[in-house]
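Mind having a look at this structure? Questions to follow.
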Amino acid sequence: MNSIDQERAFSDKIDCKFPYLDTSKATALVAEALSISPNAAFCVLYEILAPPHSEKVPKQRQRELLATWSELASFPLAVPISNMASHVIDGREVSTKQALSLMREAAAIQGQYAALTVISHLAYAGNENLDCDAVDTLEREIRMRWDASI
């Protein structure tokens with residue numbers, strides 16, 4: 001199975017099924033994702049940051065899961081996205097400028113679709129002043145460039 005197929009299978013495995021309250025299972029999934037690819041690891045981060053509405057995940061638990069993810073993730077984009085995630089969990093907004101800057105940083109690393117999704121999610125989270133058109137347009141442009149090079 002190639003890495004794209006592994007990423008898809010892994011994403012399907014955790015999508016809306018992440019064990020938010022089980023530390024050992026959550027940590028094992030972070031480690032499994034990291035063994036697949038950075039993109040798979042960002043799938044986990046997305047689950048941590050965007051639990052389904054049916055899950056009642058306290059902010060403190062999200063902070064703990066983010067800390068676990070951050071400790072294990074050591075690849076480009078992990079630190080700046082983790083920092084942005086921490087700001088959002090703490091109730092702070094991400095400016096349009098910050099979001100676009102980090103999206104451009106992600107664009108330089110081919111195929112980081114999940115990272116781009118996380119950045120976009122964080123930009124939208126509770127930000128009433130976000131320039132949605134600018135964020136959406138840049139995200140589409142980046143995805144189209146990546147798709148064209150496959």
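The values are calculated or read from the model by the stated rules, or taken from the named source; none is laboratory data. Quantities reported herein were computed from a predicted structural model and do not represent experimental measurements. Methodologically, a virtual Cβ is constructed for each residue, glycine included, from the backbone with ideal geometry; neighbour enumeration extends over all protein chains shown.
Out of the residues in region 60-81 meeting the condition of being outside any helix (DSSP H, G or I) and not aromatic (Phe, Trp, Tyr), tell me which one is nearest to the chain's Cα centre (by Cα). Write out each step before concluding.
If we filter region 60-81 for residues that are outside any helix (DSSP H, G or I), which is where we start, we get 73-77.
Narrowing the set further to residues that are not aromatic (Phe, Trp, Tyr) leaves 73-74, 76-77.
On the way: Ala73: 12, Ser74: 14, Pro76: 13, Leu77: 10 Å.
Step by step, filter region 60-81, then rank; the result is Leu77.
I'd like the residue in region 86-101 that is assigned to a helix (DSSP H, G or I) and among the small types (Gly, Ala, Ser) and, out of all such residues, is surrounded by the most Cβ atoms within 10 Å (Cβ to Cβ).
Applying the first criterion (assigned to a helix (DSSP H, G or I)) to region 86-101 yields 86-89, 96-101.
From what's left, among the small types (Gly, Ala, Ser): 86, 99, 101.
On the way: Ser86: 16, Ala99: 24, Ser101: 13.
Restricting to residues being assigned to a helix (DSSP H, G or I) and among the small types (Gly, Ala, Ser), the top hit is Ala99.
In a loop (DSSP other than H, G, I, E, B) and either surrounded by fewer than 14 Cβ atoms within 10 Å (Cβ to Cβ) or modelled with pLDDT of 95 or more (or both), is that true of Cys16? Quick ask: steps written out before the conclusion?
On the way: in a loop (DSSP other than H, G, I, E, B): yes; either surrounded by fewer than 14 Cβ atoms within 10 Å (Cβ to Cβ) or modelled with pLDDT of 95 or more (or both): yes.
Yes; evaluated as a whole, the condition is true for this residue.
Working only within region 19-52, note down all residues that are without any contact (Cβ under 8 Å) to a residue 24 or more places away in the chain, of a type in the set (Gly, Ala, Ser) and buried (at least 17 other Cβ atoms within 10 Å of the Cβ).
Within region 19-52, just Ala33 meets the criteria.
Oh, and also: Hey, any hits in region 53-70 for a residue that's touching a Gly at 6+ places or on another chain (Cβ under 9 Å) and surrounded by fewer than 18 Cβ atoms within 10 Å (Cβ to Cβ)? Write out each step before concluding.
So the first thing to find is which residues in region 53-70 are touching a Gly at 6+ places or on another chain (Cβ under 9 Å), and the list is 59.
From what is left, the residues that are surrounded by fewer than 18 Cβ atoms within 10 Å (Cβ to Cβ) are 59.
The answer is yes; a qualifying residue exists.
When you scan region 102-119, do you find a residue that is part of a helix (DSSP H, G or I), without any contact (Cβ under 8 Å) to a residue 40 or more places away in the chain and hydroxyl-bearing (Ser, Thr, Tyr), even just one? Step through it out loud before you land on a result.
So in region 102-119, the residues part of a helix (DSSP H, G or I) come out as 102-107, 113-119.
Next cut, without any contact (Cβ under 8 Å) to a residue 40 or more places away in the chain only: 102-107, 116, 119.
Going one step further and asking which of them are hydroxyl-bearing (Ser, Thr, Tyr), we end up with none.
Taking every residue of region 102-119 in turn, none turns out to be part of a helix (DSSP H, G or I), without any contact (Cβ under 8 Å) to a residue 40 or more places away in the chain and hydroxyl-bearing (Ser, Thr, Tyr).
A further question follows. Take region 19-63 and flag every residue that is in contact with a Cys (Cβ under 9 Å, 6 or more places away or on another chain), closer than 24 Å to Arg92 by Cβ and at pLDDT below 95.
Pro51, Pro52, Glu55
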